[in-house]
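One structure below.
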Amino acid sequence: MKSYLRIVLGALMLGGVLTSAVWAETRQINLYSYRQPFLIQPLLEAFTAQSGIKVNVVFARKGMLERIKAEGANSPADAVLTVDIGRLSDMVDAGVLAPVKSKVLEANIPAAYRHPQGLWFGLTTRARILFVSKDRVKPGEVASYENLADPKLKGRVCIRSGKHLYNISLLASIILHKGEAAAESWLRGLKANLARKPQGNDRAQAKAVYEGVCDVGIANTYYMGKMQTNDKKPEQKAWAEAVRVVFPNQAGRGTHVNISGAAVLKGSKRKADAIRLIEYLSSAPAQKIYAEQNFEYPVKAGVKLHPLVKSWGDFTPDSANLSQISAHRAEAARLIDKTGFDH
Ligand code: FE
């Protein structure tokens, strides 16, 4: 009995040694993702098949930065995938990102959508557009963010909380282009035009237009696609049907866009493999799949759009570098408080 146990234990130990030897040889990286697994899993599998690098995903929707900071030098994370310039900038400010120099990324991603020192890279864009009532607003009547502060829209505009990342970035872009004083009077004009206190998410603004609560809502483009294709909640198709998509400021600086993006962590011991993953995500075939899944725009030029996204029309985006816009986020947040925008 004793010798039998010894043989079993010996076999188990040998097995363990072999397993860890194989494990050490498998190239793998750890990715912290704010993006939902269904959006990225097929792409990551294709990357692994092509590169031999396995990607372990930790789905961290809330508190990703806090987690990375708490893990400190011991953080197993090599790269992050997240949405909004605000979140990427918070990581820059926290000093957790590594500068990356990559000819592939520089070729695939326009300069406006990547950090000047390579601390983050945009992979998709989304425009902050207007959902305008088809019935109650004539085509061309509302054509810019500035129009939203026009007294003729009194009581006709809906928006989510001014403190939300999407609106902070939009306001930061207005501060960049027009200065803080002009941005403040714009914000006060917009507040005076609201049909109700800022509330709900982006889709709730389309719902409000559908219900006649207001005539103009502010939202990100991909929500239009999500509503138009929502078989689980078909009522959202009616919300989408009630609105016309307007890309603001086409006669001027262009429509404000934001990004989803990726970054390599300073503490990563596998930076080359992490960069390879981001390079893969910026390649044409991956860009098409990645952008299509969430009705977003690829950052790489020449990549075909999802037909539904295409159907909303072509537009000129604001060409300002997102890191320049992001530099005004703190002022934007202060203006939201100062004007009591949400109250
Ligand atoms: Fe969103």
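The values are calculated or read from the model by the stated rules, or taken from the named source; none is laboratory data. Only a predicted model underlies this, so the values are computations on that prediction, with no experimental measurement involved. Backbone-built Cβ (ideal geometry, glycine too); neighbour counts: all protein chains shown.
Quick notes
- Pick from the range 211-223, criterion farther than 26 Å from Tyr290 by Cβ and surrounded by 22 or more Cβ atoms within 10 Å (Cβ to Cβ), ranking: nearest to the ligand (Cβ to nearest atom): Gly217
- Test: Ala263 is among the small types (Gly, Ala, Ser), outside the structural domain of Asn321 (by TED's automatic domain parsing) and buried (at least 17 other Cβ atoms within 10 Å of the Cβ): yes
- Some residue of the range 327-337 being touching a Phe, Trp or Tyr at 6+ places or on another chain (Cβ under 6 Å), touching a residue at least 60 places away in the same chain (Cβ under 8 Å) and crowded, with 16+ Cβ neighbours inside 10 Å: no
- Among the residues here, Asn167 qualifies as within 16 Å of the ligand (Cβ to nearest atom), at negative phi and part of a helix (DSSP H, G or I).
- Of all residues making up the range 170-222, the number that are in contact (Cβ under 8 Å) with a residue 40 or more places away in the chain and assigned to a strand (DSSP E or B): 5
- Considered as a group, the residues in the range 223-269 that are assigned to a loop (DSSP other than H, G, I, E, B) and closer than 20 Å to Leu88 by Cα include one that is nearest to the chain's Cα centre (by Cα), and that residue is His256.
Here is a yes/no grid of residues against (1) at pLDDT 95 or above; (2) surrounded by 22 or more Cβ atoms within 10 Å (Cβ to Cβ); (3) closer than 16 Å to Ile336 by Cα; (4) within 16 Å of the ligand (Cβ to nearest atom):
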residue	(1), (2), (3), (4)
Lys178	yes, no, no, no
Ala181	yes, no, yes, no
Trp186	yes, no, yes, no
Ala195	yes, no, no, no
Asn201	yes, no, no, yes
Ala206	yes, yes, no, yes
Gly225	yes, no, no, yes
Asp231	yes, no, no, no
Val243	yes, yes, no, no
